[in-house]
Amino acid sequence: MKYDLIVIGGGPAGYVGAIRAAQLGKKVACVEKERAGGTCLNWGCIPTKSLLRNAELYHLMKHRAGDFGFTIEGLSFDWSKVIKRSRDVSDKNAAGIEFLFKKNKVDYIRGEAAMDKAGEVLVKLADGKTETHLAPKILVSTGVVSRPLPGLPFDGKRVIGSREAMILDPQPKSMVIIGAGAIGVEFAYFYNAFGTKVTLIEMLPNVLPVEDSEVSQTLEKSLTKQGIKILTNTKTTKTETTKAGLRVTVEGKAPETIEADVCLVAIGVVPLLPGGKLTLQLTDRGYIKTDDCYETSAKGVYAAGDIIGPPLLAHVASWEAIQTVEGMFGETEPRKVREFPGCTYCQPQVASIGLTGRAAKESGQKFRVGKFPFSASGKARAIGETDGFVKLIIGEPHGEILGAHIIGPEATEMIAELGLAMTLEATYEEIEATIHAHPTLSESVHEAAGQAFGHAIHL
């Protein structure tokens, strides 16, 4: 078959890029070796949010029912149904992407793609046969896979990555998680909520190391209070599997040996490069190198999403794919990502965009900090979620928003307002001048903007 564009990979970059090209009137095929939606939809963002919702509800009913006037006796859960609900959610979403392919007349090809030369894609189908498809433009969006810890290879049972952590059955009684980024923290919250004894290990000073230090420290206190054992500034020095599980030796404040049924390794990812003889120039970390138009070293071959490196986020991948496709077909001048929201969906939630406080200091810019605690929010009190705060980094002398950091209820929803503010180059005065509905959690954004200059009413 001949196409205008062949997309390799059906994740948030691939399927979005394919659909956008079809909307522009192009003949498009998308090759995916597993299922439409990629890791995010099938084994990442979507199923984990389903699991986390279950954990949030169970934790609320088990530990805080009395706060709301409820008495719940005999509360229990069915682990297999918790897992099944997550898989059902993913299946429905994947079916939705397949419907969108049909609606937009995108040819959806199930198979493993390889490139021997630009303009040609070889697809190995499930039955072992190989098809050859041609297109002057190819978009590579093959994504990433979990990175193993040196000396501790994944075995799918005792040593697992995030994929296995979503379908682990039976539920382990104890778990060590190495790496306290978003993936490690989210799974720590999930398993702890259902009663697994969780130890979370991070070699850097804070959990969620990329976040604002004050946010990370607040989250660590909350997770510790919930029962998670957290070891920061701690390095894993030795690992060994045992008949019962495994043994992990660490060095932090003091040497310690931890035994657990399962070890979840969440130390990062490695790029998943497409097969074939075509050589593409890579970065020093192994990601595909692209120019300002997302074109690779091979003419007519483009790349977008996680395969081109950080930030490794689904919403960034989709944005990059649209930039790539519109650029390659002359619709717009492609842009590279600048400001983007980062979210962690444990409880309390964490969301941020732009500069952290420490990054603002290091940049040498003059700035003020506006901060408003949810403990002073009427809506937060009403829903019983008063932990956390909104923190704004406000530039001087113009008052622009340099960064925003939220820890607390619905933080991942609230961050969008601040992303829009930064896109429009809004100032703290314009946020203050915008009437926020009462009572809402978003009023805390309004109050944080005012607090930086002594205008906050409710502090």
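General remarks:
- By the Cα gyration tensor, the stretch 265-375 has an equivalent ellipsoid whose semi-axes, rounded to whole angstrom, run 32, 18, 14 from largest to smallest.
- Applying D = kT/(6 pi eta Rh) to the stretch 159-265, where Rh is the Kirkwood radius over alpha-carbon pairs, T corresponds to 20 °C and eta to 1.002 mPa s, the Stokes-Einstein value obtained is 156 µm²/s.
- Karplus-derived HN-Hα couplings along the stretch 374-390 (A = 6.51, B = -1.76, C = 1.60, θ = phi - 60°), whole Hz, x at Gly and Pro: 5, 5, 9, 9, x, 5, 4, 5, 5, 8, x, 10, 9, 6, x, 6, 10
- Overall dimensions of the stretch 375-414 by Cα: Rg and Dmax, Å: 12.4, 38
- Percent antiparallel among DSSP beta bridges (both partners in the chain, rounded to 5): 60 percent
- Every Cα-Cα pair in the chain was counted, and those over 35 Å apart are 38% of them.
- The modelled label-to-label distance between K225 and A254, using points 7 Å beyond Cα along the C-beta direction, is 2.7 nm.
- Each Lys or Arg adds one and each Asp or Glu subtracts one; over the other residues with Cβ under 13 Å from the Cβ of V445, this totals -4.
- Relative contact order, percent, the stretch 348-451 [alpha-carbon distance under 8 Å, six or more residues apart]: 33 percent
- Overall, the ratio between the Cα radius of gyration of the stretch 348-451 and 2.2 N^0.38 Å, rounded to two decimals, is 1.00.
- Think of it this way: in the chain, C30, C263, C293, C343, C346 stand alone, with no other Cys Cβ under 4.7 Å.
- Here the translational diffusion coefficient of the stretch 5-111 follows from Stokes-Einstein with Rh set to the Kirkwood radius across Cα pairs; for 4 °C and 1.567 mPa s it amounts to 82 µm²/s.
- Label-point separation, K277 to K27 (7 Å along Cα→Cβ), nm: 2.6 nm
Each reported figure results from applying straightforward, stated rules to the coordinates on display, with no laboratory input. Everything quoted here is computed from the prediction, not taken from an experiment. Every residue, glycine as well, gets a Cβ built from its backbone with ideal geometry; the counts of neighbours run over all protein chains shown.
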